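Report on the structure given below.
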Amino acid sequence: MRRANVVALAMLTASASSLPRTAHAESPNSKAIPIYVLQILTDDSDDQAESLTQAVRARARQAHGWSLAETPQSLETLAIALKCPPKPDPPCLQRIADQLRADHYIWGMMAKKKSGEVSADMRLWNRNKAEAEVNESYSENLKDPTDEGLRAVAARIFDGLTGAGAGGTLVIHAGTGGGSVLVDGVTKGMLDDGVAHIDVPEGAHAVSVRVPGFEAPALPIKVKAGAEQEVSFALAPSEESSPAPPESSEGRLPIREILGYAAVATGVGFLTGATIEGLNWLADKNASDNDRKSIPSTVTDVCANPTNATEQDACTRSKDASSKSTLGWVFLGVGATFAGTGIWLITSDHGSSASASTGSDRRGTAAHVAVVPMFGPHAGAMRMEVTF
């Protein structure tokens, strides 16, 4: 049984996982008995053993009166760690129960048959009671734990071992998404695309569903042994999922006003720059004019062929004054554009309610203001356009 390949893993698992983890489908009480379903032992049918183990666990989760307990330890690792024979004997099974701290657990062994089938020898160990046994043979092609055929095999095994038979199947329909199905207040299955198959004991039960964003009243269902019943739930949007009322215009962020003030601040910055450049231009112009007083009037262009330091300085000052004048006018035009746009955004922001009620009228009567700086041969000019 591949014991040499898993000895180290078995010892490590047994020592590190001495306390089992329990995941109950039904809360433990006088009617819900905890039970483990250990991984089935096999030498030649790994896929089939894994699938059947999962199917039996799924049946245990749905079984009324039983609560599935789970552990990370498999039967193989437990048997190796506890030095059991290839086929666990009663003393070994007792040690496994003590290790799990369990009073009930299902274990089994599987082997292939020559006819294309597998044979499962399944046992239920009960503390202080005789061991129950069920044998099942079925096609080795059943490898999907959700397959209806394998689910039926798992139901026969679990019900035969525990006596939990005498029940029917409910086919639940609730919307088209996911959710859970509850029987008598206990989760017994999950919705897949709005459908779930639930095995329920015979008798009267209260069946309900939990679907995120929706609600539906519980339905009283009377389950007949061996019968399959269709149960449909009409889902209605829950109060928690109702859309929130639209936000009023008073609570919205005043985007236009914010952009308007930002544009005004930017415009003031450019206008300040224009003022600074204007002062620099005035200083350079005055210095250039003072230099020209010392230059003969016959020299009309001091930059053509400067002969001394005074002419050179006058030329430099004149060029600086010209460039600063141009830059100042550019700053002035840009600043005026930003400032004018910002003032328009602020003064024309009358709220969304007013715009909603008089949108067509305002679009027809609103004035459009554009401040356009002009460059080139007309540098320093600025044109304002107002369109109604």
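Observations
- Counting only strands (runs of 3 or more DSSP E) that sit wholly inside segment 147-226, those with at least 3 residues that are β-branched (Val, Ile, Thr) and closer than 30 Å to Pro237 by Cα are 167-173, 195-201.
- Scanning segment 314-338 for residues that are surrounded by 19 or more Cβ atoms within 10 Å (Cβ to Cβ) and among the charged types (D, E, K, R) yields Arg317, Lys324.
- Filter pass, Ile106 being of a type outside the set (Phe, Trp, Tyr), assigned to a helix (DSSP H, G or I) and surrounded by 20 or more Cβ atoms within 10 Å (Cβ to Cβ): no
- Matching entry among Arg383, Arg362, Arg317 (being of a type in the set (D, E, K, R), at pLDDT below 50 and either in contact with a helix residue (DSSP H, G or I) (Cβ under 8 Å, 6 or more places away or on another chain) or assigned to a strand (DSSP E or B) (or both)): Arg362
- Taking segment 230-243 as the range and being part of a strand (DSSP E or B) and surrounded by fewer than 16 Cβ atoms within 10 Å (Cβ to Cβ) as the test, the residues that pass are Glu230, Ser232, Ala236, Pro237.
- When Tyr36 is tested against (1) of a type outside the set (Val, Ile, Thr); (2) assigned to a helix (DSSP H, G or I); (3) modelled with pLDDT of 85 or more, just one condition goes unmet, and that condition is (2).
- Gly149 farther than 28 Å from Ala218 by Cβ and without any contact (Cβ under 8 Å) to a residue 12 or more places away in the chain: yes
- Residue within segment 211-225 that is in contact with a His (Cβ under 8 Å, 6 or more places away or on another chain), surrounded by 15 or more Cβ atoms within 10 Å (Cβ to Cβ) and farther than 19 Å from Asp159 by Cα present: yes
- Residues satisfying the stated conditions in segment 68-95, i.e. within 36 Å of the chain's Cα centre (by Cα) and modelled with pLDDT under 90: Glu70, Thr71, Pro72, Gln73, Ser74
- Answer residue from segment 183-194, given it is surrounded by fewer than 21 Cβ atoms within 10 Å (Cβ to Cβ) and aliphatic (A, V, I, L, M) and is modelled with the lowest pLDDT among those: Val186
- Residue in segment 195-209 that is at pLDDT 90 or above and out of contact with any strand residue (DSSP E or B) (no Cβ under 7 Å at 6 or more places or on another chain) present: no
- The single residue among Pro237, Pro246 that is modelled with pLDDT under 80 and not assigned by TED's automatic domain parsing to the domain that holds Leu345 turns out to be Pro246.
- Look at segment 199-212: where a residue is in the same structural domain as Ala155 (by TED's automatic domain parsing), no partner that is at pLDDT 95 or above and loosely packed, with under 15 Cβ neighbours inside 10 Å sits 6+ places away or on another chain with Cβ atoms under 6 Å.
The values are calculated or read from the model by the stated rules, or taken from the named source; none is laboratory data. Keep in mind that what you see is a predicted model, and the values were worked out from it rather than measured. Here Cβ is always computed from backbone atoms with ideal geometry, including for glycine, and neighbour counts include all displayed protein chains.
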